[in-house]
Amino acid sequence: MKLLLVFLFMARLVPAVPANDVFDWNVTLVKPLRDQHGRLHVDAEGIAFRSDDGKTLVKVAMQDLRQADVADSRKLRFGLYEVRKWAPTERTEYTFRAEPDAPVEILAAFLSGRVHRPVVGQYQTGTTFRVGAFHRRALRGTDGTLEIGEIAIRYVSTQMADSRTWLYRDIETVGKPDSFRLRLTTNRETYVLELKDDLPDEAFQLAWGRVYDRR
């Protein structure tokens, strides 16, 4: 009985798998000298790209993905564990441009359930607390909403590329430097959100407990 309860609890910490588990998109592979148009295929096995002229084929198994950044359809980034042959200090990475209306939030949820490391992107999860927030960038910034729930923290921005969903399993630190800011850190990035209203103590305690008590 105890094992069953533990299993059910852990299942709640993983996002639900979207209805479609195969993605086939027209994309452009971004390359230093000449971009290549082709087809990107993503499924439970991994990602694959074939150029329209058939000269370029990229295949990456899901377990070989070190990072995935799918917050912006114009900059879909997939990083590998392997290092570049002529630049041993750098990792191999592929960047694709998809159509502006590509459903990146569905892809993000799909990858979050399969990639071992944090996935940069945004998708829906249950929300318990909600407060207006602002994320400052080098140039201007974006308005949005901070959402804290049972399985994740979300920042839903007016700009899709700035939106994020952080599963608690992927958050390294969560802090509240003062009454007006919330800071989250993963192994990919640090996000500081300026709060437009008071964040209930219960909301921060929920986030704190999910991040640190599980350890």
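The values are calculated or read from the model by the stated rules, or taken from the named source; none is laboratory data. Since the structure is predicted, the reported quantities are computational estimates derived from the model, not experimental observations. Cβ coordinates were reconstructed from backbone atoms using ideal geometry, including for glycine residues, and neighbour counts include every protein chain displayed.
Condition first: buried (at least 19 other Cβ atoms within 10 Å of the Cβ) and outside any helix (DSSP H, G or I). Now tell me which residues in segment 157-170 satisfy that.
Answer for segment 157-170, where residues must be buried (at least 19 other Cβ atoms within 10 Å of the Cβ) and outside any helix (DSSP H, G or I): Ser157, Ser163, Arg164, Thr165, Trp166, Leu167.
Which number in (1) within 24 Å of Thr186 (Cα to Cα); (2) at pLDDT 95 or above marks the one condition that Ala98 misses?
So Ala98 meets the others, but not (1).
Might you let me know whether segment 191-214 holds any residue that is of a type outside the set (A, V, I, L, M, F, W, C), crowded, with 19+ Cβ neighbours inside 10 Å and assigned to a loop (DSSP other than H, G, I, E, B)?
no
So which of Gly121, Gly132, Gly126 is under 15 Å from the mean Cα position of the chain (by Cα) and under 24 Å from Gln159 (Cα atoms)?
Exactly one of Gly121, Gly132, Gly126 is under 15 Å from the mean Cα position of the chain (by Cα) and under 24 Å from Gln159 (Cα atoms), namely Gly121.
Quick check on segment 148-163: of everything there that is over 12 Å from the mean Cα position of the chain (by Cα) and of a type in the set (Ser, Thr, Tyr), which residue is modelled with the highest pLDDT?
Ser157
Has segment 107-120 got any residue that is at pLDDT 95 or above, in the same structural domain as Ala71 (by TED's automatic domain parsing) and not aliphatic (A, V, I, L, M)?
Checked against the condition, which is being at pLDDT 95 or above, in the same structural domain as Ala71 (by TED's automatic domain parsing) and not aliphatic (A, V, I, L, M), segment 107-120 yields at least one hit.
So which pairs qualify, if the first residue must be in segment 173-193 and assigned by TED's automatic domain parsing to the domain that holds Arg137 and within 15 Å of Val211 (Cα to Cα), the second must be among the aliphatic types (A, V, I, L, M) and part of a loop (DSSP other than H, G, I, E, B), the Cβ gap must be under 9 Å, and the two must be at least 6 apart or on different chains?
Sorted first by the residue in segment 173-193, then by its partner, the pairs are Lys176/Leu199; Leu182/Leu199; Leu184/Ile171; Thr185/Ile171; Thr186/Ile171.
Determine which single condition Ser112 fails, assuming it passes every other condition in (1) among the hydroxyl-bearing types (Ser, Thr, Tyr); (2) within 14 Å of Ala68 (Cα to Cα); (3) free of Cβ contacts under 8 Å to residues at least 60 places away in the same chain.
It fails just one condition, (3).
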